[in-house]
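The values are calculated or read from the model by the stated rules, or taken from the named source; none is laboratory data. Note that this is a predicted model, so its numbers are computed, not measured. Because the Cβ atoms are built from the backbone with ideal geometry, glycine has one as well, and the counts that use them run over all protein chains shown.
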Amino acid sequence: MTHQPAECGRAAFDSVVRLGITPTPDNFAIWYEYHSGLNPELRHLIDLLLRSPGQCDDQTMRAVHRRFFAHQRERQALREASERMQALLQEVGTAVGDAGQEARSFGAAVRETSGAFVAGTTPLPLLIQRLREEAQGMAERSDMLGQHLAGAAERIQTLERSLDDLRHDAATDGLTGLNNRRSFDTRLREAAGQAMNSGEPLTLVLIDIDHFKRVNDQWGHQTGDQVLRLVAATLNAGRRAEDFVARYGGEEFALILPATSAAAAAEIANRMRRGFEGRPIVARNSGTSIGSVTISAGGASYDPGERLSDWVERADKALYAAKQGGRNRVCMAGVAENPPRIASDRPAVTAA
């Protein structure tokens with residue numbers, strides 16, 4: 001049921017305070033939308049979160065805001081850019097039209113002067129002076145048009161850079177700098193289509209940080225964010241040039257591995273997993289060791305023609321099997337598990 005704006009505002013403020021959420025504009029927007037009842041999908045998600053104590057924290061709220069509000073900002077920015085471009089093109093068109101009119105006026109003056117010269121009605125010095133004045137005025141107006149067009153070109157370049165930045169932001173996770181869920185969905189469709197055309201294998205691997213909630217609860221969300229950035233940077237550094245890595249959501253990441261079988265993907269995922277195990281992490285803000293962080297991974301190769309949702313579900317089930325099997329391991333659908341070997345005496349890694 002939709003409430004009046006003032007009621008929604010009060011209810012949103014009360015919810016933020018009651019749940020101990022940081023009272024940022026983004027968080028207030030989420031709870032205002034929730035209490036307004038205008039977004040059933042958001043309301044359903046929040047209701048699910050409210051049933052589990054401690055789920056409505058700042059990190060979860062950031063994910064909710066990205067899901068329901070980020071695209072609205074992008075659409076608004078695109079509308080504004082489109083309006084600026086239309087105004088700029090109209091301005092340039094007017095300037096060019098004015099220049100055309102000036103050129104026609106100059107041509108008329110030349111014809112008139114020529115006629116006067118032939119008829120002998122006007123002394124030659126006066127005709128020459130008039131032509132000189134008209135030519136000088138035309139040159140000045142042309143120079144003004146050139147300056148106007150140069151300024152318009154610069155403004156168009158600025159607008160293009162703004163749109164490029166917008167597209168980059170829309171495809172990038174703000175916390176880790178990786179590709180975000182939206183760009184992952186796009187790339188997954190593209191990769192599946194390419195695999196069907198080429199006949200080459202394609203494997204999806206989902207990666208989850210083990211016991212990440214414990215990190216947040218014990219060391220705080222700031223340290224949790226540092227761990228997320230560290231894991232993201234390590235995964236990105238360990239991927240091959242043709243691989244695609246994204247933050248899938250929360251503490252979960254995804255790898256799209258083209259031309260890679262499930263067995264080869266298991267080797268890649270295990271190499272990444274071994275890069276974390278046994279390596280103590282030091283919180284940069286306090287210099288305190290928070291222990292080591294491990295990851296679990298599960299994946300599946302794409303069956304040509306398979307629904308993408310079914311493919312992702314098979315990879316997710318493999319990840320669940322890795323978690324259920326003790327964590328810090330890799331499980332691939334249809335591939336025997338490679339048991340993890342715990343490394344030791346690794347150098348400490350500082351969470352960036």
Residues located in the range 264-289, provided they are crowded, with 20+ Cβ neighbours inside 10 Å and among the β-branched types (Val, Ile, Thr): Ile268, Ile281
Single residue of Gly37, Gly54 found to be of a type in the set (Gly, Ala, Ser), surrounded by fewer than 16 Cβ atoms within 10 Å (Cβ to Cβ) and modelled with pLDDT of 80 or more: Gly37
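What about Ile46, is it modelled with pLDDT of 85 or more and either outside any helix (DSSP H, G or I) or hydroxyl-bearing (Ser, Thr, Tyr) (or both)? Outline the logic, then answer.
Numbers: modelled with pLDDT of 85 or more: yes; either outside any helix (DSSP H, G or I) or hydroxyl-bearing (Ser, Thr, Tyr) (or both): no.
No, not satisfied.
Kindly state which strands (runs of 3 or more DSSP E) lie completely within the range 212-287 and contain at least 1 residues that are under 21 Å from Glu190 (Cα atoms).
Numbers: elements: 244-249, 252-258, 280-283.
Passing ranges, in order: 244-249, 252-258.
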Test: residue in the range 59-67 that is modelled with pLDDT under 85, in contact with a strand residue (DSSP E or B) (Cβ under 7 Å, 6 or more places away or on another chain) and assigned by TED's automatic domain parsing to the domain that holds Val17: yes
Checklist (1) farther than 16 Å from Gly174 by Cα; (2) out of contact with any helix residue (DSSP H, G or I) (no Cβ under 8 Å at 6 or more places or on another chain) applied to Leu230, failing item: (1)
Pairs with Cβ under 8 Å, 6+ apart, first in the range 244-261 and over 16 Å from Gly298 (Cβ atoms), second modelled with pLDDT under 95 and assigned to a strand (DSSP E or B): Phe244/Asn179; Arg247/Asn179
Subset of the range 235-256 (residues that are at pLDDT 90 or above and either among the aromatic types (Phe, Trp, Tyr) or within 19 Å of Gly174 (Cβ to Cβ) (or both)): Leu235, Asn236, Phe244, Val245, Ala246, Arg247, Tyr248, Glu251, Glu252, Phe253, Ala254
Identity of the residue in the range 205-245, farther than 19 Å from Arg279 by Cα and in contact with a strand residue (DSSP E or B) (Cβ under 6 Å, 6 or more places away or on another chain), that ends up surrounded by the most Cβ atoms within 10 Å (Cβ to Cβ): Val205
Residue check for Ala321: more than 25 Å from the chain's Cα centre (by Cα), part of a helix (DSSP H, G or I), modelled with pLDDT of 95 or more and small (Gly, Ala, Ser): yes
